[in-house]
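As structure tokens, the structure follows; a few thoughts come after it.
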Amino acid sequence: MDVTRTQPPSGPTTTAVKAEPGAIWSSRDQREIDALALSLLGHPAVRAARDRTVQRFEASPEFAVPDAPAWMAATVDDLLFSCLQFAAIDDPSRPKVMWTLRRPYSYGGREFPGSHYGADNPDRVYRMIGVDARYSYRIIGRRHPTHPSEDDLGFEAIPPPGLWGQPLVRLPRERIDIAADGSFEIVADGTEADGRRNHLYLPPESKVVVVRDTLLDWAAQVPNEVSVELLGGPAAPLRTNDEIARAGAEIYERCVTLALGFMDNCLRTGQPNELLAFERPVKWGVAGGLFAVNRFELAEGEALLITLDPLTAGYLAINACDPWTRALPYDTALASLNNVQAQADTDGAYTFVLSPRDPGVHNWIDTAGLRTGAVVARWELMTQRPPTVDSGKDDSKAWALGRTVVDAAVRQSRVLPVSEVPAAIPEGQALVGRRERQAQIAARAAEHHVRVTGVPISPGP
């Protein structure tokens with residue numbers, strides 16, 4: 001495994017695993033999308049938009065957060081590259097599937113930037129397809145015959161600006177028929193589903209279809225294959241690279257507005273280090289799941305201990321983000337854990353320790369040295385809806401926290417000295433020494449290669 005250190009502009013050192021993408025990713029379309037996005041980074045309109053974004057980030061309340069200035073450039077650039085990726089596929093008459101919200105990778109001797117943002121989920125594989133309700137599409141999928149991802153795939157229609165837009169409609173797994181060989185087809189168009197299965201309605205304002213695919217056991221699960229065909233719609237002229245660059249710059253600035261709104265509406269509404277889980281409506285994506293996000297703030301030598309009740313969730317996960325809500329490097333560090341990777345307490349709950357310093361316990365969430373940032377938790381694949389209460393808060397703003405709160409989801413969230421963590425951990429979780437930690441991190445890097453290469457390293461179910 002070739003591991004190299006890369007230095008993002010004006011930011012901290014991060015670790016990038018150089019894995020050549022396998023057949024799932026190395027399509028002609030994906031290579032063209034990423035090569036075009038890379039080539040547009042130097043376009044005058046793109047450079048000007050980036051300069052304005054830096055000014056907006058520096059003028060935002062988040063810039064005053066300790067650790068935020070050092071991580072700003074990396075966040076600015078990841079969001080920029082993702083927007084240029086989207087601009088490259090924003091042609092509904094020539095649909096393409098784009099792999100985005102991912103770590104950096106190399107292909108054919110070229111280095112491609114990361115493109116993750118917005119409290120992205122390390123267990124999730126995100127694909128996007130540029131669409132328009134005037135057209136109709138066939139989305140073709142195939143689950144791996146022996147090592148499939150979690151059986152919870154979903155499709156959502158997103159309005160402008162595409163990235164960062166809040167979902168309008170969701171086609172969940174329970175309305176998708178999958179053949180015995182793992183293949184499936186989805187029709188997406190401007191007609192209402194009216195009970196039809198495998199049909200995604202595209203409202204008039206639809207800009208993109210988001211395809212979500214979840215990996216719970218990284219070592220033994222391979223992402224779904226996804227492709228798209230145009231079924232019908234009006235002809236449209238090819239765009240020039242100049243037009244694509246200018247469109248990307250416009251999309252970028254609109255996404256920056258939504259990103260700053262997300263931080264303002266989600267990280268500044270309560271006390272730091274406290275988590276409040278709410279039931280996700282359609283506009284938050286993965287409708288019916290639970291979501292919690294807030295800022296963590298730790299003093300020197302402190303850790304944040306969080307105990308989550310899985311309730312009836314088949315999937316539970318937690319991850320740390322930088323102060324701008326961009327997921328911390330999770331390919332070669334323990335910046336996230338799910339209920340397969342973590343050890344449960346003897347009563348079935350999960351206790352995690354978020355800290356910049358290794359606390360010596362298995363369920364460590366590594367903050368990459370940060371004492372300030374964001375923490376995100378997710379509950380999905382719920383078999384029963386949990387009891388809820390109405391928070392009474394206004395959730396009309398874009399990305400405002402939902403009102404339907406699930407009190408039982410978060411059992412505790414408290415700050416304590418790192419030195420006291422081993423004594424505070426409930427029974428069921430192992431203490432971890434230096435050698436065990438090194439093995440845990442090495443295994444994680446190898447497991448992340450599975451999603452990129454498509455080659456599992458452990459037996460399937």
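The values are calculated or read from the model by the stated rules, or taken from the named source; none is laboratory data. Worth saying up front: this structure is predicted, and the values here are computed from it rather than measured. Neighbour counts run over all protein chains shown; Cβ positions are idealised from the backbone, glycine included.
Any idea which residue in segment 399-427 is nearest to ARG385 (Cα to Cα), counting only those that are of a type in the set (Gly, Ala, Ser) and at pLDDT below 95? Before the answer, list the steps.
First pass over segment 399-427, keeping only residues of a type in the set (Gly, Ala, Ser): 400, 402, 408-409, 413, 419, 423-424.
After this cut, where a residue has to be at pLDDT below 95 as well, the list is 400, 402.
On the way: ALA400: 22, GLY402: 16 Å.
Among those that are of a type in the set (Gly, Ala, Ser) and at pLDDT below 95, it is GLY402.
Exactly one condition in (1) at pLDDT 95 or above; (2) in a loop (DSSP other than H, G, I, E, B) is false for GLY195; which is it?
Of (1) at pLDDT 95 or above; (2) in a loop (DSSP other than H, G, I, E, B), only one is false for GLY195: (1).
Out of everything in segment 301-314 that is touching a Ser or Thr at 6+ places or on another chain (Cβ under 9 Å) and within 17 Å of THR346 (Cβ to Cβ), what residue ends up being surrounded by the most Cβ atoms within 10 Å (Cβ to Cβ)?
Applying the filter and picking the extreme gives LEU308.
Give me the pairs: first residue in segment 180-209 and in contact (Cβ under 8 Å) with a residue 60 or more places away in the chain and at negative phi, second residue hydroxyl-bearing (Ser, Thr, Tyr) and assigned to a loop (DSSP other than H, G, I, E, B), beta-carbon distance under 6 Å, and six or more apart or on different chains, which are they?
Listed pairs, sorted by first residue: none to list.
Taking into account only those residues within segment 222-239 that are part of a loop (DSSP other than H, G, I, E, B) and either without any contact (Cβ under 8 Å) to a residue 24 or more places away in the chain or under 20 Å from SER27 (Cβ atoms) (or both), which is farthest from the chain's Cα centre (by Cα)? Even if it seems obvious, please write down each step before you answer.
Taking segment 222-239 and keeping what is part of a loop (DSSP other than H, G, I, E, B), we get 223-224, 233-239.
Those still in the list that are either without any contact (Cβ under 8 Å) to a residue 24 or more places away in the chain or under 20 Å from SER27 (Cβ atoms) (or both) too: 223-224, 237-238.
Numbers: PRO223: 14, ASN224: 16, PRO237: 33, LEU238: 31 Å.
My answer is PRO237.
In the list ARG437, ARG411, ARG444, which residue meets the criterion of being in contact with an Asp or Glu (Cβ under 7 Å, 6 or more places away or on another chain) and assigned to a helix (DSSP H, G or I)? Give the steps one after another, and end with the answer.
Values: ARG411 fails: assigned to a helix (DSSP H, G or I); ARG444 fails: in contact with an Asp or Glu (Cβ under 7 Å, 6 or more places away or on another chain).
ARG437 is the lone residue from the list that is in contact with an Asp or Glu (Cβ under 7 Å, 6 or more places away or on another chain) and assigned to a helix (DSSP H, G or I).
Yes or no: ALA317 touching a helix residue (DSSP H, G or I) at 6+ places or on another chain (Cβ under 6 Å), more than 23 Å from GLY392 (Cβ to Cβ) and surrounded by 22 or more Cβ atoms within 10 Å (Cβ to Cβ)?
Numbers: touching a helix residue (DSSP H, G or I) at 6+ places or on another chain (Cβ under 6 Å): no; more than 23 Å from GLY392 (Cβ to Cβ): yes; surrounded by 22 or more Cβ atoms within 10 Å (Cβ to Cβ): yes.
No.
Specify which of the listed residues (ALA73, ALA35) is within 20 Å of the chain's Cα centre (by Cα) and surrounded by fewer than 21 Cβ atoms within 10 Å (Cβ to Cβ).
Working: ALA35 fails: within 20 Å of the chain's Cα centre (by Cα).
Going through ALA73, ALA35 in turn, just one is within 20 Å of the chain's Cα centre (by Cα) and surrounded by fewer than 21 Cβ atoms within 10 Å (Cβ to Cβ): ALA73.
Among the residues that make up segment 426-441, is at least one of them closer than 21 Å to LEU216 by Cβ and within 23 Å of the chain's Cα centre (by Cα)?
Yes: segment 426-441 contains one or more residues that are closer than 21 Å to LEU216 by Cβ and within 23 Å of the chain's Cα centre (by Cα).
Inspect all residues belonging to segment 63-76 and state whether any of them is at pLDDT 95 or above, hydroxyl-bearing (Ser, Thr, Tyr) and touching a Leu at 6+ places or on another chain (Cβ under 7 Å).
no
Condition first: at pLDDT 90 or above and in a loop (DSSP other than H, G, I, E, B). Now tell me which residues in segment 381-398 satisfy that.
We begin by selecting, within segment 381-398, every residue at pLDDT 90 or above; these are 381-390.
Within segment 381-398, THR383, GLN384, ARG385, PRO386, PRO387, THR388 meet the criteria.
What pairs come out if I take residues in segment 151-173 that are touching a residue at least 40 places away in the same chain (Cβ under 8 Å) and over 13 Å from GLY130 (Cα atoms) and pair them with residues that are among the aromatic types (Phe, Trp, Tyr) and part of a loop (DSSP other than H, G, I, E, B) whose C-beta lies under 9 Å away, six or more apart or interchain?
As it stands, the answer is TRP164/TYR117; TRP164/TRP399; GLN166/TRP399, since those pairs meet every condition given.
Out of curiosity, is GLY162 crowded, with 22+ Cβ neighbours inside 10 Å and closer than 26 Å to ILE318 by Cβ? Spell out the reasoning first.
Details: crowded, with 22+ Cβ neighbours inside 10 Å: yes; closer than 26 Å to ILE318 by Cβ: no.
When the stated conditions are applied, GLY162 does not pass them.
Taking the residues in segment 266-279 that are under 17 Å from ALA313 (Cα atoms) and modelled with pLDDT of 95 or more as candidates, determine which candidate is surrounded by the most Cβ atoms within 10 Å (Cβ to Cβ). Give the derivation first.
Within segment 266-279, the subset under 17 Å from ALA313 (Cα atoms) is 276-279.
Now narrow it down to the ones that are modelled with pLDDT of 95 or more: 277-279.
Numbers: ALA277: 27, PHE278: 22, GLU279: 21.
In this case the residue turns out to be ALA277.
When you check ASP242 against the structure, is it without any contact (Cβ under 8 Å) to a residue 60 or more places away in the chain, loosely packed, with under 15 Cβ neighbours inside 10 Å and over 25 Å from the mean Cα position of the chain (by Cα), yes or no?
On the way: without any contact (Cβ under 8 Å) to a residue 60 or more places away in the chain: no; loosely packed, with under 15 Cβ neighbours inside 10 Å: yes; over 25 Å from the mean Cα position of the chain (by Cα): yes.
So ASP242 fails the test.
Can you list residue pairs whose Cβ atoms sit under 8 Å apart, with the first residue in segment 255-267 being closer than 17 Å to ASP322 by Cβ and the second being of a type in the set (Lys, Arg)? Count only pairs 6 or more apart in sequence or on different chains.
Note: pairs meeting the criteria are VAL256/ARG56; LEU260/ARG56; LEU267/ARG295.
Among the candidates GLU427, GLU420, which residue alone is over 30 Å from MET263 (Cα atoms) and without any contact (Cβ under 8 Å) to a residue 24 or more places away in the chain?
Numbers: GLU427 fails: without any contact (Cβ under 8 Å) to a residue 24 or more places away in the chain.
So the residue among GLU427, GLU420 that is over 30 Å from MET263 (Cα atoms) and without any contact (Cβ under 8 Å) to a residue 24 or more places away in the chain is GLU420.
Of the residues that sit in segment 373-426 and are among the acidic types (Asp, Glu) and farther than 22 Å from ALA119 by Cα, which one is surrounded by the most Cβ atoms within 10 Å (Cβ to Cβ)?
Pass one, segment 373-426, residues among the acidic types (Asp, Glu): 380, 390, 394-395, 407, 420.
With the extra rule that they be farther than 22 Å from ALA119 by Cα, the set shrinks to 390, 420.
Details: ASP390: 8, GLU420: 13.
Going through the qualifying residues, I end up with GLU420.
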